[in-house]
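Peer 1: Quick one: the structure is below, and I'll ask about it shortly.
Each value in this text was obtained by applying a stated rule to the coordinates, not by laboratory testing. Keep in mind it's a predicted model, so treat the numbers as computed, not measured. Reconstructed Cβ throughout: ideal geometry from the backbone, glycine too, with neighbour counts over all protein chains shown.
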Amino acid sequence: MSAPDAFASLPKADLHVHQEATRYLDLVLAERECRDPYDWSAWRRRLAAEVPPGKERLQRIGSVQPVGIEHDEDDELFVARFAALMRDHAAAGACYVEIRCGGEVVTREGFMSMFREAERRVRADFPRLRAEALAIVIGAGQDRERADAFADGCVRAAGEGLAGIDFLYAPYDTEADWAPMYRLAERFAGVGLGITAHAGEVSTANIAAAARMPGLTRIGHGVHAAADPELLGLLVERGVTLECALTCNEFFGVLPDLEEHPLLRLVEAGVAVTLATDNPVQLGTTIEREYAAAAGLGLGARELAGFTRNAIRAAFTSDGRRAAMLAELDG
Ligand SMILES: [Zn+2]
C-alpha cells in the first residue's frame, strides 16, 4: 500500500464541528432545487482581503446565512441537514463525529430521535460512522435565569441521549468570569454529560480556568497553551484532550503561520491531541484535509492514527460505542 492510500484509509474522528445549520440547509436545498449552493470560497477570499487576521476576522464567522433559518422547522430538512454533515464526514473517512448545536436545537421536541434518524441513514451506506450531539452554552454569566432554564433543557435532553456540553463565553481573548460556568458544569457533570469549552484559540487566556472546570475533559482549540510550559503541564496533569482545528486556525489567522502551528509541540509535550474541522462548509475543509494538514506539519501515520485513538478515548459517547469503535480501530 502506498503512503497516500494508507493515509486515505486511516479511520478519522472529529470532536469539534459546529452544526452550520443554514450552511447545510443551503447544501441540501441547492441539491433539491438543482441550483448552485452559496459560494464559500468567494466569501473566504473577500474576508481574507478585507478583514485583518485574528480576533476581528474570527468575529465574522457565521456572518453569512445563505438561506433562512425557517427551513429548519421542517423536520425532514432538519434530519437531512444533519445527515449531510455526517455523510461529509463519513465520506472523508471518519468513524466518529460530534456535532455542536445551539440551545434552540437540542431542546427541540424530538431532537435526539431526529439526530439518530440522520445517523441511521448515513450508517446504511457507511456502517462505521457514529455520531453524537453536543449543546453549546453561550453567555452563562449574563442571565442566571435564562442559563438555568437552558440547563434544565440540556439535562432533559441528556436523558434522551444528548452527549455533552460546550461552553462559549466572553471575553474570549482575556480572562472571563468562570464562576457561573462552573456552577452549570457541576450540574451537567452530575447527569453524565461530557464537558468541553472553547479556550486558547486566540491567546493563552482562559485555558487554565477551563482546565480546572468541574467535569471538563477536553478543550476546543487550546493551541496557545504551547507558548506556556505551565499550561502544558496543567493540561497533561489533568489529562485534558485538545480539539485542534488547523484550517480554522490558519484562515482566521489566530497563529502566526500554519508552518509554525504548535501542533507538534503539543504532541511532544505529551498533550492528548485530536483534529477537527470546526466549520467545514465555511472553511472549505474536511476531516481528511485536517489529517493531511497535520501530515504536512511532519506528523507520521502512527501519530495520525494516535489522534483518532485519542478522540475515541475522549469521545462523549457510551462505553459500549467507545468499546466498539476501539475494537474496529484494532480490527
Ligand atoms: Zn469551535
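Peer 1: Residue by residue through the stretch 221-238, which ³J(HN,Hα) values in whole Hz follow from phi under the Karplus form 6.51 cos²θ - 1.76 cosθ + 1.60 (θ = phi - 60°), with glycine and proline marked x?
Peer 2: Along the stretch 221-238, the couplings run 6, x, 5, 5, 4, 4, 7, 9, x, 5, 5, 4, x, 5, 5, 5, 4, 8 Hz.
Peer 1: So for E117, E201, E76, E288, fewest C-beta neighbours within 10 Å to most, what's the order?
Peer 2: Ascending number of Cβ neighbours within 10 Å: E76, E117, E288, E201.
Peer 1: Still on this model: Exposure proxy check: S203, S41 ranked by fewest other beta carbons within 10 Å?
Peer 2: Fewest to most other Cβ atoms nearby, the residues stand as S41, S203.
Peer 1: Largest first and in whole Å, what are the equivalent-ellipsoid semi-axes of the stretch 3-330 based on the Cα gyration tensor, each being the root of 5 times an eigenvalue?
Peer 2: Value: 26, 24, 22 Å, ordered largest first.
Peer 1: Moving to a separate point now. Using a 7 Å offset from the Cα along the Cα-to-Cβ direction at both V155 and E230, what is the distance between the two label points in nm, to one decimal?
Peer 2: If labels sit at V155 and E230, their model points lie 3.6 nm apart.
Peer 1: Would you calculate, for the chain, the mean residue ellipticity at 222 nm contributed by helices, counting each DSSP H stretch of 4 or more residues as -39,500 (n - 2.57) and dividing by all residues, to the nearest 500?
Peer 2: Helix contribution divided over all residues of the chain: -14500 deg cm²/dmol.
Peer 1: For a quick check: sort R46, R123 by the number of other beta carbons within 10 angstrom, fewest at the front.
Peer 2: R46, R123
Peer 1: By the scheme Lys and Arg +1, Asp and Glu -1, what is the net charge of all other residues having a beta-carbon under 13 Å from that of G141?
Peer 2: Values: positive: R144, R146, R183; negative: D143, E145, D148, E175, D177.
Net local charge, G141 excluded: -2.
Peer 1: Subtracting the Cα-Cα distance from 0.36 nm times the residue separation, let me have the gained length for L297 to E268 in nm, one decimal.
Peer 2: Gain on extension, L297 to E268, equals 9.1 nm.
Peer 1: Which of the three applies to the stretch 1-92, rounded, prolate or oblate, going by the alpha-carbon gyration tensor with a ≥ b ≥ c and a/c under 1.5 meaning rounded?
Peer 2: oblate
Peer 1: Okay, next question. Is the stretch 253-323 rounded, prolate or oblate when judged by the Cα gyration tensor, a ≥ b ≥ c being the square roots of its eigenvalues, rounded requiring a/c under 1.5 and prolate requiring a/b larger than b/c?
Peer 2: oblate
Peer 1: In whole Hz and in residue order, list the ³J(HN,Hα) couplings for the stretch 47-57 that follow from phi through the Karplus curve 6.51 cos²θ - 1.76 cosθ + 1.60, θ = phi - 60°; x for Gly and Pro.
Peer 2: Coupling constants for the stretch 47-57: 4, 5, 7, 9, 10, x, x, x, 3, 4, 5 Hz.
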